[in-house]
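Here is the structure we will look at, set down as structure tokens.
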């Protein structure tokens, strides 16, 4: 989610009910600008050539707005932009520029909304969290994709569906994300548990809880240690964990059109599942205030044996732990999708060039670069060995001085760490192949968070209620479900 979208502030009104009031979009374009359907083949996979759209008349650069790159300064996104610029060095109008927005997801979303409403920033391409697509599309801030540019069966189906709103595609999938389960074989073996170092498909929460119970009985376990941890701070990580718990017991909050569909009984069922997963005898106490960074630190320090986290952590762990001290598997139950999609802005005067750049950034070569750098790629070919390799100059630019490879065998932009002997050490080809297989399988079965133009209101309402429940000394899921039901109903109606 980088790792997930942020929430929009809710309001309080009569009766003390939280409504997650949506900020009205002032000055939004009344209709989407016409997009020329004319395109000719050339470039990766027959994508449109830059500069051949009728409304691409203004000079460059093509400005891409994005959140910070988790692969670091000068990371893979910047390297892909530079590769595009090298390929179009003879044309000033086709040069591109990456603008990274500061702050968390909430701030980035607010900045993009304000900039696109006012037209003050001059962005041509925006890298949107997948949960923002309905809101930006409904507001007329991004262009629908021409039909001939949306038919690409190489994109993983569930990932491509995140670009859709009301039957139209408004973006192309750039990088994706999915929850995974990391574990510490060294800690488990010390407790007499013999974990499989190869990924399996049949891990359940029952299996995980049994291992946690055995782990707790192990001599020498400290008061600051627990079985597992995850991101339960009041931010988007909590929404992801909650949706995973709900989906695992068959609870869906909204339909494809963004209409609320859950009942109080559904919500209680989902909340009970979340409470069961986060029992004090299973989860690290600090999880209720932890985000991605904190939970990764707890896992690396040995305070937990299991960790729910995102794919980029596999590459990050090579700088924190010895190769035999960590492994990864599918998350038991449902796992939620994250990631970002690239969309052309509605008022860009460089629409043709913007779409050509998007096609390049989501090509097979570029998706392979993203996977090799630690992101989860959006194309099936990146996982099954049928993709074209990463652009050579991008691969060389991302390769560290020690020549170590990434999780999938390509170059890594992560700096060597002094945490372990000799710095970063690679797990080897077999482990990397197993990770890629695990990641691919998880993406094909992942679930989406609710699709709604009022996502900001929804996520804040959900976070507020769920965090209060998890923080309560004696949590009452029935009472929490009743209150949550009323506020979610309003949030999904934009009240």
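The values are calculated or read from the model by the stated rules, or taken from the named source; none is laboratory data. Given the structure is predicted, the values throughout are model-derived calculations rather than measurements. Virtual Cβ from ideal backbone geometry, glycine too; neighbours counted across all protein chains shown.
Just need a number here: residues in the range 426-446 that are farther than 19 Å from residue 382 by Cβ and in contact with a strand residue (DSSP E or B) (Cβ under 6 Å, 6 or more places away or on another chain). Qualifying residue count, the range 426-446: 1.
Based on this model, can you work out whether residue 316 counts as part of a helix (DSSP H, G or I) and either within 22 Å of residue 80 (Cβ to Cβ) or within 22 Å of the chain's Cα centre (by Cα) (or both)? So residue 316 passes the test.
If the condition is being free of Cβ contacts under 8 Å to residues at least 60 places away in the same chain, closer than 12 Å to residue 60 by Cα and surrounded by 16 or more Cβ atoms within 10 Å (Cβ to Cβ), then the range 78-96 contributes 85, 88, 95. Annotation: of all residues in the range 74-118 being touching a strand residue (DSSP E or B) at 6+ places or on another chain (Cβ under 9 Å) and not in a helix (DSSP H, G or I), the one that is nearest to residue 393 (Cα to Cα) is 88. Within the range 59-77, the set of residues being crowded, with 18+ Cβ neighbours inside 10 Å and over 23 Å from residue 110 (Cα atoms) comprises 60, 61, 71, 75, 76.
Right, residue 398: surrounded by 24 or more Cβ atoms within 10 Å (Cβ to Cβ), in contact (Cβ under 8 Å) with a residue 60 or more places away in the chain, closer than 25 Å to residue 292 by Cβ and in the same structural domain as residue 240 (by TED's automatic domain parsing) or not? No, not satisfied. Among residues of the range 182-196 that are assigned by TED's automatic domain parsing to the domain that holds residue 302 and without any contact (Cβ under 8 Å) to a residue 12 or more places away in the chain, those with a beta-carbon under 8 Å from a residue that is assigned to a helix (DSSP H, G or I) and crowded, with 16+ Cβ neighbours inside 10 Å at least six positions away or on a different chain give the pairs 194/188. Residues of the range 68-120 that are touching a helix residue (DSSP H, G or I) at 6+ places or on another chain (Cβ under 6 Å), at pLDDT below 90 and within 23 Å of residue 353 (Cβ to Cβ): 69 alone. Counting only helices (runs of 4 or more DSSP H) that sit wholly inside the range 423-495, those with at least 1 residues that are over 30 Å from residue 288 (Cβ atoms) and in contact with a helix residue (DSSP H, G or I) (Cβ under 7 Å, 6 or more places away or on another chain) are 429-445.
Those helices (runs of 4 or more DSSP H) of the range 209-310 in which 3 or more residues are over 30 Å from residue 453 (Cβ atoms), in the same structural domain as residue 477 (by TED's automatic domain parsing) and free of Cβ contacts under 8 Å to residues at least 60 places away in the same chain occupy 292-300. If you filter the range 465-482 down to residues that are crowded, with 19+ Cβ neighbours inside 10 Å and either under 30 Å from residue 136 (Cβ atoms) or free of Cβ contacts under 8 Å to residues at least 40 places away in the same chain (or both), you find that the one that is nearest to the chain's Cα centre (by Cα) is 466.
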